[in-house]
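Notes for the one structure printed next.
Taken together, the values in this text are just the output of simple stated rules run on the coordinates, not laboratory data. These numbers come from a predicted model, not from an experiment. FYI the Cβ positions are ideal-geometry reconstructions off the backbone, even for glycines, and counts take in every protein chain you see.
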Amino acid sequence: MIGLMEQIKPENKRYYDTSKFNLEATQLLAGNIGHYLIQSGKLLVSDFLDLQRLIQSEDIESVRLAIYTMEAKTSINFTTKEDGNLG
């Protein structure tokens, strides 16, 4: 089994339907996406730190907003394909 950080790399990439994830899983996904984007030079550490309040929120919609924000800033999709579909 491939770990989540490995799954979000382009060569192993999957798209995640966060509507099926609980709060903790969505927070973990958001954190891993942020770390991956920082490591690949696509997201600034300061941008990720600005999103920490949303990622650590007890409101799952806020966590999803953090993921969507990272996707918008980097033009890399993790929750939908470019055509808007999952999978």
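Quick notes on this structure:
- The Cα atoms of the stretch 27-82 cover 28, 25, 16 Å along the three principal axes, with the biggest extent listed first.
- Peptides 40-50, 24-34, ordered by how many other C-beta atoms sit within 10 Å of their residues on average, highest first, read 24-34, 40-50.
- With a cut-off of 14 Å between beta carbons, the residues surrounding LYS73 carry a summed charge of -2, where Lys and Arg count +1 and Asp and Glu -1.
- Full-extension gain in nm, LEU23 to ASP47, via 0.36 nm per residue minus C-alpha separation: 6.5 nm
- Packing-based exposure ordering (other Cβ within 10 Å, fewest first) of ARG64, ARG53: ARG53, ARG64
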